[in-house]
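Chemist: The structure follows.
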Amino acid sequence: MRLQRLREPDVEITIKINGAEVTHDVEPRTLLVHFVRENAGLRGTHWGCDTSNCGACVLWVDGTPTKSCTMLAASAAGHDITTVEGLEKDGKLDPIQQGFIECHGLQCGFCTPGMLMTGRWILDNNPQPSEAEIREGISGQLCRCTGYKNIVDSIHWAAAHPAENEVSA
Amino acid sequence: MQTPAPVDYVRATSVADALSLLQQHGDEARILAGGHSLLPMMKLRLARPEILVDINDLDELRGIRIDGNEIVIGAMVTHAEILSSPILFEHYPIFREAEKVIADPIVRNKGTMGGSMCQADPAEDLSAVGAALRGTVVIQNAQGRRTVPMREFHEGPYETKVADGEILVEVRYPILPGSGSAYEKVERRSGDWAVCAAGACVTISGGVFSSVGIGIGAVNAEHFAAVDAEAFLVGKEPTAENIATAAQMAADSCDPSADQRGPADYKKHLAMELTKRALTRAAAAAKGA
């Protein structure tokens, strides 16, 4: 969907997403989540509550998880964005993705992209997190299906099964 | 779908550049820092700026540093950076205790100290911390810099001394050697705004309180401070009885309103109880206690 142009001229912005530069003319008010989904065509990042509560839209800006419904695309111009599509490397799933498969870390799957991005970030900063640390880490993200138990287990699974090039704790 | 109304956007390249943009556009312009208060307000049309001046490129507003006998926190320091700062934890553990319960880890990655202070929500945790520590806000305009004590910073809910054409650039906190500090908060759910919160920072010398700072959030305490309770405690021993008396005085100085977070008498009770707990832990942590 293209946002209706009402008044101000569009601005041309270039954002590097998963290593590839994406350039589009957008309204300055365009939110990053919509740029990623509609302009870049990457629908993995989900658009949920729109109020920075649910965390379905979490992606990384320069490696830091960010709620993309509460950031302008214009503010992201010139920065490196990583979305859930960027987790897989050379056709091989990231351990965090494999963990969600192994431990049944999702039911409807709506929260999953955000959970994966935050889960990967938690492990990058703390390779062997406790259950409490995982629960604190995902406390800005809502899941209405799992009761979080299987999400915590999935992140733990990924901690126990680091990729070969990953330094384990 | 919630989207901000049409707006222009410009990135400032320096504080001077931001100030000149603000001067040029007057009250039509708003500063965009972390955006985690402003963008939601714009989606709800509670804010309708014509132009956003994005200050995220201004590294001069970042960083936590010691300058003489003060700790300086730049306006663009994020909540996550305050939470993990070794300098702040060494001198003022109250920051870590407060930040752990501000929003959630992802929001803390983006939300800034300066943005939170200027949003001036009546339940803002950093305002209560700032009052307890007697910080000083540094505001810059085209003429230069001026300072405003934290306890004069708020004009009212969502209103501060930062005028059109001005930027909050940093907040400075005096280092109190040997001080103890603590923060207590009750919220409805993880990451929510406080129903009530209280912070305390004390020094003890010769067995009595030599300085006392009490900050209280979300219950309409004037300038987030409890000055009568502070004055009562200075010179007195840190006994449970004295602390309980001060906590009651602090609660009496609050004027909470009933809302979806609870009735007024419950909030007053929290003000008393949380002030007591914060003072008790701060006193125990103070050297010479």
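Each reported figure results from applying straightforward, stated rules to the coordinates on display, with no laboratory input. All figures in this text were calculated on a predicted structure; none of them were measured in a lab. All Cβ positions, even for glycine, are placed from backbone atoms using ideal geometry, and neighbour counts span all protein chains on display.
Chemist: Divide by every residue of chain A the summed helix terms, -39500 (n - 2.57) for each DSSP H run of at least 4, and state the resulting mean residue ellipticity at 222 nm, rounded to the nearest 500 deg cm²/dmol.
Modeler: Rounded to the nearest 500, the figure is -7500 deg cm²/dmol.
Chemist: Mind listing which trypsin sites (Lys or Arg not before Pro) in the range A:63-169 are in a DSSP loop and have 15 or fewer other Cβ atoms within 10 Å?
Modeler: A:Arg144
Chemist: Which residue, chosen from A:Gly86, A:Ile13, A:Val26, occupies the Cα position most advanced towards the positive end of the dipole of the range A:11-86, where the dipole is computed from +1 (Lys, Arg) and -1 (Asp, Glu) charges on Cβ about the Cα centre?
Modeler: A:Gly86
Chemist: Ignoring trypsin sites (Lys or Arg not before Pro) that are buried or in helix or strand per DSSP, and keeping those with at most 10 other beta carbon atoms within 10 Å, what is the longest stretch of chain B between them?
Modeler: So the longest stretch without any such site is B:46-188.
Chemist: Follow-up. Give, in nm to one decimal, the length gained when the segment between A:Asp62 and A:Glu164 is fully stretched (0.36 nm per residue of separation minus the Cα-Cα distance).
Modeler: Gain on extension, A:Asp62 to A:Glu164, equals 34.4 nm.
Chemist: A further question follows. Would you mind pulling out the separation of the Cα centroids of the range B:53-74 and the range A:130-145, in Å?
Modeler: 31 Å
Chemist: Given a cut-off of 24 Å, name the pairs among A:Lys149/B:Lys100; B:Lys185/B:Lys236; B:Lys100/B:Lys236; A:Lys67/B:Lys43; B:Lys100/B:Lys276; A:Lys89/B:Lys100 whose C-alpha atoms lie farther apart than that in the structure shown.
Modeler: Long pairs (Cα-Cα over 24 Å): B:Lys185/B:Lys236; B:Lys100/B:Lys236; A:Lys89/B:Lys100.
Chemist: Ordered by residue, what ³J(HN,Hα) values in Hz, to whole numbers, does the range B:115-127 give under the Karplus form 6.51 cos²θ - 1.76 cosθ + 1.60, where θ = phi - 60° and Gly and Pro are x?
Modeler: x, 5, 5, 6, 5, 6, 4, x, 9, 5, 5, 5, 5
Chemist: What does the average come to when, for each residue of peptide B:30-37, you count the partner chain Cβ atoms lying within 10 Å of its Cβ?
Modeler: That works out to 3 on average.
Chemist: I'd like the Karplus ³J(HN,Hα) series for the range A:99-108: coefficients 6.51, -1.76, 1.60, θ = phi - 60°, whole numbers in Hz, and an x wherever there's a Gly or Pro.
Modeler: Values, residue by residue: x, 5, 6, 4, 9, 6, x, 8, 10, 6 Hz.
Chemist: What spacing in nm lies between the two simple spin-label points modelled at B:Lys100 and A:Thr14, each 7 Å away from Cα in the Cβ direction?
Modeler: Roughly 4.5 nm, to one decimal.
Chemist: Just tell me the longest site-free run in chain A, where the sites are GluC sites (Glu not before Pro) in a DSSP loop having at most 12 other beta-carbon atoms within 10 Å.
Modeler: It runs A:1-87.
Chemist: Another question about this same structure. Set the Förster radius R0 to 22 Å, insert the Cβ-Cβ distance between B:Asp164 and B:Glu222 as r into 1/(1 + (r/R0)^6), and round the FRET efficiency to 0.05.
Modeler: 0.30
Chemist: FRET efficiency for B:Ala47 and B:Ser211, Cβ-Cβ distance as r, R0 = 41 Å, nearest 0.05?
Modeler: 0.60
Chemist: Put a dot 7 Å past each Cα toward the Cβ at B:Ser190 and B:Asp255; how far apart are the dots in nm?
Modeler: 3.8 nm
Chemist: Could you go through the range A:150-164 in sequence order and give the Karplus-derived ³J(HN,Hα) for each residue, using 6.51 cos²θ - 1.76 cosθ + 1.60 with θ = phi - 60°, rounded to whole Hz, and x for Gly and Pro?
Modeler: 6, 5, 4, 4, 5, 5, 4, 4, 5, 5, 7, 10, x, 5, 4
Chemist: For B:Gln143 and B:Ile87, what is the calculated FRET efficiency with R₀ set at 22 Å and r taken between the beta-carbons, to the nearest 0.05?
Modeler: 0.10
Chemist: Continuing with the same structure: Residues with amide H under 5 Å of B:Thr160's amide H, sequence separation 5 or more or different chain, H placed in the peptide plane at 1.01 Å from N; which?
Modeler: The list, which skips near neighbours in sequence, is B:Glu155.
Chemist: Label-point separation (nm) for B:Asp17 and B:Gln2, each offset 7 Å from Cα along Cα-to-Cβ?
Modeler: For B:Asp17 paired with B:Gln2, the spin-label model returns 3.1 nm.
Chemist: Another question about this same structure. In deg cm²/dmol, rounded to 500, what helix-only [θ] at 222 nm does chain B give when every DSSP H run of at least 4 residues adds -39500 (n - 2.57) and the total is split over its residues?
Modeler: Helix-only estimate at 222 nm: -10000 deg cm²/dmol.
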